[in-house]
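The values are calculated or read from the model by the stated rules, or taken from the named source; none is laboratory data. From a predicted model like this one, the values you see are computed outputs, not experimental measurements. Cβ: placed from backbone, ideal geometry, glycine included. Neighbour counts: every protein chain shown. Areas reflect the complete protein model, heavy atoms only, side chains present, ligands, DNA and RNA absent. Shrake-Rupley method; radii C 1.70, N 1.55, O 1.52, S 1.80 Å.
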Amino acid sequence: MPVTTQQLIRWKQEGRAIVALTAWDWAIAQILDEAGIDVVLVGDSMAMVALGHATTLPLTLEEVIHHASAVRRGVKQALVVADLPFLTYQESTAQAMRSAGRLLKEAGVQAVKLEGGYPAIAQTVANLVLAGIPVMGHVGLTPQSVHRLGYRQQGKTSEDADRILHEAIALAEAGAFAIVLEHIPADLAAKITEKIPIPTIGIGAGSHCDGQVLVTADLLGLSPKQPPFAPAYADLRGIATQAVQSFANDVRKREFP
Ligand code: KIV
């Protein structure tokens with residue numbers, strides 16, 4: 001049975017941990033889905049790990065639609081969620097509705113994710129949900145605000161922690177079905193997880209979240225630089241480099257084919 005947003009909420013109630021990973025193409029999406037991952041996120045981190053940009057900001061809606069369509073074709077079971085890229089939703093609810101609508105209609109994803117929880121964003125989430133578009137929130141370190149926040153851990157002071165907690169509560173009240181908590185202290189993530197009825201999906205937010213997400217390029221050891229909170233479970237960069245070098249040596253020695 002394909003995973004639904006309602007099922008994620010039931011899993012929180014039952015204490016079953018939710019597993020999420022990012023994908024940017026058909027092959028990666030198939031691997032994740034066949035491995036039984038619950039949520040496949042077409043994250044805007046693809047701007048950095050797949051397209052070579054220095055930040056997530058340059059990614060366009062057209063690019064997300066293109067990649068999300070490929071991911072969608074590779075997934076049979078998991079819930080597919082796509083990121084709304086920078087400045088495709090912050091301007092107004094109408095802009096967010098058009099962008100999210102295109103992701104559902106053209107790429108076939110089942111939900112969208114957007115960053116931030118300040119009042120205008122929570123209002124946008126409420127309007128998207130009313131229009132039938134499931135929304136995942138994202139608070140704490142929000143990479144689309146890198147030029148304001150950097151990549152530092154957020155929520156370290158009590159005021160900042162309070163702000164993030166209230167943003168999460170506002171998103172849950174607006175009807176979001178889950179919230180990503182990125183790079184915040186574990187005790188703050190635990191407090192948010194306890195206070196809101198929807199699942200929290202942590203990345204660099206400790207072990208008390210309802211689920212965990214990683215960028216798949218980091219998990220597989222494909223990224224040139226690993227974030228401090230994302231251990232590599234494999235060294236695919238090393239394995240691929242070795243395979244390419246072996247092929248090149250064989251060709252140069254006239255041993256292939
Ligand atoms: O873009 C992304 O990959 C994300 C995850 C880090 C949650 O938003």
note = Result of the Cβ filter at 6 Å on region 141-161, keeping first residues that are in contact (Cβ under 8 Å) with a residue 12 or more places away in the chain and partners that are assigned to a helix (DSSP H, G or I), at least 6 apart or interchain, is Gly155/Ala161; Gly155/Ile164; Gly155/Leu188; Ala161/Leu188
query = Within region 25-56, can you find the residues that are part of a loop (DSSP other than H, G, I, E, B), touching an Asp or Glu at 6+ places or on another chain (Cβ under 9 Å) and either farther than 20 Å from Phe86 by Cα or open to solvent by less than 50 Å² (accessible area, probe 1.4 Å) (or both)?
reply = Gly43, Asp44, Ser45, Ala50, Thr56
request  = Residue by residue through region 119-157, note down the ones that are basic (Lys, Arg) and either touching a Gly at 6+ places or on another chain (Cβ under 7 Å) or under 18 Å from Pro185 (Cβ atoms) (or both).
outcome  = Arg152, Lys156
query = Across region 56-83, what is the number of residues that are within 11 Å of the ligand (Cβ to nearest atom), in contact (Cβ under 8 Å) with a residue 40 or more places away in the chain and in contact with a helix residue (DSSP H, G or I) (Cβ under 8 Å, 6 or more places away or on another chain)?
reply = 4
request  = Please go through region 154-175 and pick out each residue that is surrounded by fewer than 19 Cβ atoms within 10 Å (Cβ to Cβ), assigned to a helix (DSSP H, G or I) and not small (Gly, Ala, Ser).
outcome  = Glu159, Asp160, Asp162, Arg163, His166, Ile169, Glu173
note = Of the residues in region 121-132, those that are surrounded by fewer than 19 Cβ atoms within 10 Å (Cβ to Cβ) and either within 17 Å of Leu8 (Cβ to Cβ) or without any contact (Cβ under 8 Å) to a residue 24 or more places away in the chain (or both) come to Val129, Gly132
Enumeration of residues in region 215-248 that are over 14 Å from Ser45 (Cβ atoms) and part of a loop (DSSP other than H, G, I, E, B) = Gly221, Pro228, Pro231, Ala232, Tyr233, Ala234, Asp235
message = Cβ-Cβ under 7 Å, sequence separation 6+ or interchain: first residue in region 185-205 and free of Cβ contacts under 8 Å to residues at least 24 places away in the same chain and farther than 23 Å from Leu21 by Cβ, partner in a loop (DSSP other than H, G, I, E, B) and open to solvent by less than 10 Å² (accessible area, probe 1.4 Å). Which pairs?
response = none
query = Under 8 Å by Cβ, and 6 or more places apart or on different chains, what pairs join a residue from region 234-246 that is hydrophobic (A, V, I, L, M, F, W, C) with one that is part of a helix (DSSP H, G or I)?
reply = Ala234/Leu219
inquiry  = Yes or no: region 136-153 includes at least one residue that is under 19 Å from Phe86 (Cα atoms), outside any helix (DSSP H, G or I), among the β-branched types (Val, Ile, Thr) and more than 15 Å from the ligand (Cβ to nearest atom).
reply    = no
ask   = If you check Leu61, Leu79, which single one turns out to be touching a Ser or Thr at 6+ places or on another chain (Cβ under 7 Å), open to solvent by 10 Å² or more (accessible area, probe 1.4 Å) and closer than 20 Å to Met136 by Cβ?
value = Leu61
ask   = Would a scan of region 106-117 turn up a residue that is touching a Leu at 6+ places or on another chain (Cβ under 9 Å), part of a strand (DSSP E or B) and either open to solvent by 40 Å² or more (accessible area, probe 1.4 Å) or in contact (Cβ under 8 Å) with a residue 40 or more places away in the chain (or both)?
value = yes
task = Determine, yes or no, whether Gln7 is out of contact with any helix residue (DSSP H, G or I) (no Cβ under 8 Å at 6 or more places or on another chain) and modelled with pLDDT of 95 or more.
result = yes
key: Every residue from region 176-196 that is surrounded by fewer than 22 Cβ atoms within 10 Å (Cβ to Cβ) and either among the small types (Gly, Ala, Ser) or at positive phi (or both)   = Ala186, Ala190
